[in-house]
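Right, one structure below, let's go through it.
The values are calculated or read from the model by the stated rules, or taken from the named source; none is laboratory data. Computed from a prediction, not measured in an experiment: that's the story for all the values here. Here the Cβ positions follow ideal geometry from the backbone for every residue, glycine too, while neighbour counts run over all protein chains shown. These accessible areas exclude ligands, DNA and RNA; they are computed on the full protein's heavy atoms, side chains included. Shrake-Rupley method; radii C 1.70, N 1.55, O 1.52, S 1.80 Å.
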Amino acid sequence: MPTPGMNELTFVARLGAVTALRADHRKQAGKPSVIARGDVEERQVDSQGRVRRCDIRLSSPTGRKLASGEMKRPEHAEGRDPRNPNLVDDARRKALARGLPYYFTCNMAEVVLFSVSAHPRADDREEVSYQLAPISHSREVEPYWDQIAENWNKFLDDLEARLSAVKRTRPSVTNADVISLRDSIYEVADEAIDRAVSHLSDLPDKLDEIRDEVANTFGLSTALRPEYPAQFRSELLQILRFGIFVAAQKIILYRVLEDAGPRHRESFTLDSLEVPKRSSDPLAVREALARASAHAIARSGDYETAFLPNPVIDTVFISPEGAEEIQNCQVGEVWNRLVSRVYDASWVAISQNLVGLLYEVIVDDEFRHELGQFYTREDVVDILVAFSVRSSTDVVIDPSAGGGSFLRAAYYRKRDLGANHDEALSDTWGAEITAFAAELSTISLATADTSEPAAYPRVMLKDFFDVRPGKSTDLEIPGVPGKLAIPAEFDAVIGNPPYISYRRQTNQERMISALVRMPQEIKLPKFSGKSDAYAWFIVYATGFLREGGRLGFVVSSAVLFSDYGIPLIRFMSKHYRIRAVVDSMVERWFPDADTNTVLLMLERCSDEDARINNEIRFVRLRKPLVQLLDEPSSRQRRQSVEDLVDTILGSLHGEADPRLVVNVVRQGEDGGMSFIPSDAYDGVDAEEEE
Ligand SMILES: C[S@@+](CC[C@H](N)C(=O)[O-])C[C@H]1O[C@@H](n2cnc3c(N)ncnc32)[C@H](O)[C@@H]1O
């Protein structure tokens, strides 16, 4: 009878024991180790309900997780090679979910170490591998155990040296870090609010100034009337949180550069950021942050645009007056805590959505609807960008860039399709009306690949209706004479334009005069004037697109049933092939917004026959997007997005597909939409959300 092999669980438990013993020996010898424990995780169920292999987690003496690994027996198909893509993918996914800088795979005979890449889409690097023993079956483990233990210790020595040398013991940022950073932002605001209320109440001119700045910078209208104390306080608190968020963002960028500098093509190092901890002088804190920004610009020779000072920040640093206020002032302490929250995590592979999320969580519900700033989910962004951006040379614009999620996705899409950093950056344009959001967009593009020497994003702080194709901008780039000109035409327009109702639109005259200036061949729709802002964005964006260029927008589903929807649909069918209109039966993509949304996929087309004979696909998704797409960190993500877009565009009427249901309508003269039978979707059930 053959000897049974050793199972993974036992093997991993024994490696855990070797790991703990090593740490004990080192401690006794007065050489404390970075890696103190190796814990077994036997059962892991992934998002699709599959039970995963057992793995091992290495952690520090204080319990901080440092690296994790996947184990498979060598006689198993997936264990024959420790570089087996499924094994590596699983290990990677778990390391990313835990924010770990390293992961490894092991088949009992060999252990292979990988480092998580410095930017989200680049491939990870295989760092090193160690032979544990010359075995091809787990039943050979026992006789080779001493050799395996010895080589495992060598592997741990090596990993420990790497963790210490590059200071990569900090895990990557996760949602939990974002929430704790939000708490810190609140704490800094709470520390400052009493001073702000008492000092600003008697300064009506200063309040006027702040009101204007806040409107320009954040698009937030405030009354700021001290005679209504509760409202005055809550508005000031929101302003403080915004201001502190802006400063926090610069601290994050500083950390990104501090981590990325040594690996940058033109390597540089930054001193670590110090805020005077015991200080009760807000100006000393402000000075320390300003010095840090200047230092980062000087050392990196770049990022001026991202570190530009922002006037609203001044409101955050109001000096205490009188002995009691000075004594109570803990400004140094709270800012110090905020800086350490940023330092706790590594933000190098920062996902744009985390900054968007941070922004969302600091906006109070009472202000959120007015701002119309809802940051778009990554999966929605990826689908629209995959539809719209088709080639590495595509020139792209997001006319209402917000936090820059579409711009960043377009940058990566162009890199995926073969563009280099400079090409991807110089062909990705954004317009944004509020200074703060424009800054967010700039930062998210500037940090898209921090290993590259220079990053000058093309984000214009401008009302889109003031942007004209081919005209000069205010943007200047070192080494390029004069101001940059906007491209004369674009291959793709992407984004999530604001859904601001007619009542609240303040720039209507501007919109109308911009539309009147549009090329003759674009026939303006007969809007009643009561249209939501996004309808005007579609019309104006049409003047930017080349023949065959694509537009991918998230818009309100009111496009399908409102009064202004009909002229808008007619307009679209005169200028575009309406490729698809996509919505979900099972989820709302913006759960906090008032509006339901659909994804609009259009292709500019001047051939009337092609438009009339075009078949519009009304697609309703029957599963949540997380179940239709691979996880953002997985290697299959890009392909899964591409596949879903192809399915949407190629789906057949009435075809049975568990993922979606499609209604195909000939575009005709009027966009077909008015002819959808009201019972088109009857009898089709959404799948239960799991
Ligand atoms: C729904 S948000 C876009 C969010 C963004 N797509 C994202 O996911 O991060 C709409 C953005 O449009 C901006 N906006 C509103 N009117 C604008 C205009 N006329 N020109 C440029 N930007 C505008 C707002 O400031 C806001 O940031």
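Residue 586: more than 29 Å from residue 433 (Cα to Cα), more than 16 Å from the ligand (Cβ to nearest atom) and surrounded by fewer than 19 Cβ atoms within 10 Å (Cβ to Cβ), yes or no? Yes, satisfied. Looking at residue 227, is it open to solvent by 40 Å² or more (accessible area, probe 1.4 Å), assigned to a loop (DSSP other than H, G, I, E, B), over 30 Å from residue 445 (Cα atoms) and free of Cβ contacts under 8 Å to residues at least 24 places away in the same chain? Yes, satisfied. Output the residues belonging to segment 525-556 that are at pLDDT below 80 and either in contact with a Cys (Cβ under 8 Å, 6 or more places away or on another chain) or among the aliphatic types (A, V, I, L, M) (or both). None; the set is empty. Each residue in segment 461-501 was checked for being out of contact with any Gly (no Cβ under 9 Å at 6 or more places or on another chain), in contact (Cβ under 8 Å) with a residue 24 or more places away in the chain and within 16 Å of the ligand (Cβ to nearest atom), and 9 pass. For segment 124-155, filtering for residues that are out of contact with any strand residue (DSSP E or B) (no Cβ under 8 Å at 6 or more places or on another chain) and not acidic (Asp, Glu) leaves 15. I'd like the residue in segment 195-224 that is open to solvent by 50 Å² or more (accessible area, probe 1.4 Å) and polar (S, T, N, Q) and, out of all such residues, is modelled with the highest pLDDT. Taking the candidates together, the pick is 198. Checked against the criterion of being more than 15 Å from residue 187 (Cα to Cα) and modelled with pLDDT of 80 or more, the candidates 333, 235, 304 yield just one match: 235. Restricting attention to segment 557-576, does a residue exist that is of a type in the set (A, V, I, L, M, F, W, C), within 16 Å of the ligand (Cβ to nearest atom) and in the same structural domain as residue 510 (by TED's automatic domain parsing)? The answer is yes; a qualifying residue exists.
Considering segment 599-645 alone, what residues qualify as being more than 28 Å from residue 498 (Cα to Cα) and in a loop (DSSP other than H, G, I, E, B)? Scanning segment 599-645 gives 607, 613, 614, 630, 633, 634, 635, 636.
Taken over segment 618-642, the criterion of being charged (D, E, K, R) and either closer than 19 Å to residue 574 by Cβ or open to solvent by less than 30 Å² (accessible area, probe 1.4 Å) (or both) is satisfied by 637 alone. Within segment 292-312, residues that are more than 16 Å from residue 477 (Cβ to Cβ) reach partners that are surrounded by fewer than 17 Cβ atoms within 10 Å (Cβ to Cβ) and at pLDDT below 70 with beta carbons closer than 9 Å, at six or more positions or on different chains, in the pairs 293/308; 293/309.
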